[in-house]
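This report refers to the structure that appears directly beneath it.
Bear in mind these aren't lab numbers, they're just calculated from the coordinates by the rules spelled out. Quick caveat, the model's predicted, so the values are computed rather than measured. So basically every Cβ, Gly included, is an ideal-geometry build from the backbone, and we count neighbours across all protein chains shown.
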Amino acid sequence: DPDLFPEFDEELKAAMRKETELFFEAVMKEDRSVLEFLDADFTFLNERLAKHYGISGVQGERFQRGSLDKESQRGGILTHASILTITSNPTRTSPVSRGKWIMEQILGTPPPPPPLDVPELEEDSKAIESASLRQRMEQHRTKSECAVCHNKMDPLGFAFENFNAIGAWRTL
């Protein structure tokens, strides 16, 4: 949603993708541990992406390998803005999508499809004002047919809630 995320444009989108491509290439070509996909102390940045991440000292359009501090919120592909963005909704994060993506792509254990008669989480202003996303998800999980999968997916997704819908860090 360009009104909610005016800083998201084609240049940032391309930088997000390039980071993940270069990171994947480095792990493969350098024969690094597969665990680096989950927790690496480096990434690839250009000035635009570094600014988005709040990382200083990177200048220009050219991508460069950069070290990540131990205190950094970043490390591995799960904290790449590309992954965080594709697993979000246009207007907000989606712990369910993020959790499902981790289950499918990282753990290789896709959840079963949801039952046909389960409604989507309400997104109107009344629902949003009535409770936090976490509280609304907790209500959704009270249905036993939903809890079976959501008890596995949601904690994985909520672990990344400090990243907004386009992968920028935020304090909740």
Checklist entry - So what's the net charge close to Asp154: Lys and Arg +1, Asp and Glu -1, counting the other residues with Cβ under 10 Å from its Cβ? => result +4
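How would you rank 87-100, 31-44, highest first, on the average number of other Cβ atoms within 10 Å across their residues?
Details: 87-100: 19.1, 31-44: 14.4.
The densest-packed peptide leads the list: 87-100, 31-44.
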Item to check | segment 20-25 - phi-based ³J(HN,Hα) in whole Hz, Karplus 6.51/-1.76/1.60, Gly and Pro as x | outcome: 5, 4, 5, 5, 4, 4
Item to check | Cβ-derived FRET efficiency at R0 45 Å, Leu38 paired with Asp117, nearest 0.05 | outcome: 0.80
Checklist entry - If you project the alpha carbons of segment 40-86 onto the principal axes, what extent comes out on each, in Å, largest first? => result 25, 25, 15
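Sorted by packing (mean other beta-carbon atoms within 10 Å per residue), highest first, where do 3-9, 72-78, 45-51 land? Intermediate values should be presented prior to the final figure.
Working: 3-9: 12.1, 72-78: 18.3, 45-51: 20.1.
Averaged packing, sorted descending, gives the order 45-51, 72-78, 3-9.
For Val148 and Arg170, what is the calculated FRET efficiency with R₀ set at 30 Å and r taken between the beta-carbons, to the nearest 0.05? If you can, show how the numbers build up before the last one.
Numbers: r = 31 Å, r/R0 = 1.02.
So, using R0 = 30 Å, E works out to roughly 0.45.
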Checklist entry - Straight-line reach from Lys152: which lysines have Cα under 27 Å away, leaving out those fewer than 8 places along the same chain? => result Lys100, Lys143
Checklist outcome for this item: Pseudo-spin-label distance Gln59 to Arg134, built 7 Å along Cα→Cβ, given in nm, is 4.1
Checklist outcome for this item: Taking Lys and Arg as +1 and Asp and Glu as -1, residues besides Phe23 with C-beta under 15 Å from its C-beta add up to -2
Checklist entry - How compact and how long is segment 1-57, expressed as Rg and Dmax of its alpha-carbon atoms in Å? => result 13.3, 42
Checklist entry - Out of residues 5 or more away from Gly66 or on other chains, whose amide H comes under 5 Å of its own, with H placed 1.01 Å from N in the peptide plane? => result Thr43, Phe44, Leu45
